[in-house]
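Below you'll find the structure, written out as C-alpha cells, and then a few comments.
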Amino acid sequence: MPVQRLNHAVLYVRDVERSLAFYRDVLGFRVTMEIPQRAVFLQAEGSTNDHDLGLFAIGAHAGASQAGRGTVGLYHLAWEVDTLAELARIRDALMSAGALVGMSDHATTKALYAQDPDGIEFEVSWLLPAHLITPEVTEGAAMTAPLDLDREIERYGARTRGGIGVSVPV
C-alpha cells in the first residue's frame, strides 16, 4: 500500500512547556494530550487527526541539532495552509515571535521558513492549485526567489484555496 500522507511528526525539545507555548501561541496548535513536563501531543488548527505533532522533553542539557551541518538528519517539516491570507497571518505571527528566518518563492509553492525555540527549522507553505500551474509559472520552477507575499496575494487572491488538485483532491 502506498504512503498517503504524513500522519504526525515527533520532535525532541529541551523544554516541553516552552515549545508548547510556541506551537500553540504562534502556529495555533491545540493540546490533545499532555504528560506534564515530559510530553505533549498537539493537533493543528483545522485537523481531525488524533495528533499532528508530538513534543518530548529531553532536557536543558541537550545540544543543538547538527543535522545538515555535521550529521545526517531531518532538515525541516513543512506544513501547508489553505490560503495566502493564512500564510500572511502566520508570517506576521512568526515575525512577532522573532522566529521567521526566510521567505521563498518556489514558483508553485510560496514558503515561510522559521525556527522554534530549540532552533528546529520548519516551513509553512501555500501551494498553487493545479488549475493555476501554467507553463509560465513552471518556467522558473527550478529557481528560488525572494517571496513578495503581498504581490502574490494581489496575483492569486487572499482567499484562493491552495493545493487543490496537487496535495488536496479535487
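Here, each number is a calculation from the coordinates, and none is a lab measurement. In this text the structure is predicted, and so the values were computed from the model without any measurement. Methodologically, a virtual Cβ is constructed for each residue, glycine included, from the backbone with ideal geometry; neighbour enumeration extends over all protein chains shown.
Descriptive notes on the structure:
- Highest-MSF residue in the chain out of Ile120, Ile90, Ile58 [GNM, Cα springs under 10 Å]: Ile58
- Column: log10 I(q)/I(0), Debye, Cα scatterers of the chain, q = 0.12, 0.16 Å⁻¹: -0.60, -1.03
- Percent RCO, i.e. relative contact order, over region 75-170, from Cα pairs under 8 Å lying at least 6 residues apart: 36 percent
- The relative contact order of region 7-58, computed from alpha carbon pairs under 8 Å that lie at least 6 residues apart in sequence, is 45 percent.
- Using the Cβ-Cβ distance between Tyr75 and Ala158 with R0 set to 25 Å, the FRET efficiency works out to roughly 0.25.
- Alpha-carbon Debye profile of region 75-170, log10 I(q)/I(0) at 0.10, 0.14 Å⁻¹: -0.25, -0.49
- Were the residues from Asp50 through Tyr12 laid out at 0.36 nm apart, the gain over their Cα-Cα distance would be 11.8 nm.
- Restricting the trypsin sites (Lys or Arg not before Pro) of region 61-147 to loop positions (DSSP other than H, G, I, E, B) with no more than 14 neighbouring Cβ atoms within 10 Å leaves Arg69.
- Once Rg and the Kirkwood radius are both taken over the C-alpha atoms of region 7-58, their ratio Rg/Rh works out to 0.92.
- Relative protection proxy for 153-161, 37-45, from highest mean packing down: 37-45, 153-161 (other beta-carbon atoms within 10 angstrom).
- Once C-alpha pairs closer than 8 Å and six or more residues apart are averaged by separation and normalised to the residue number of the chain, the relative contact order reads 20 percent.
- Among the helices of the chain, those built from whole DSSP H runs whose Cα atoms reach 15 Å or more along their own axis and whose mean Kyte-Doolittle hydropathy is at least 0.0 are 84-96.
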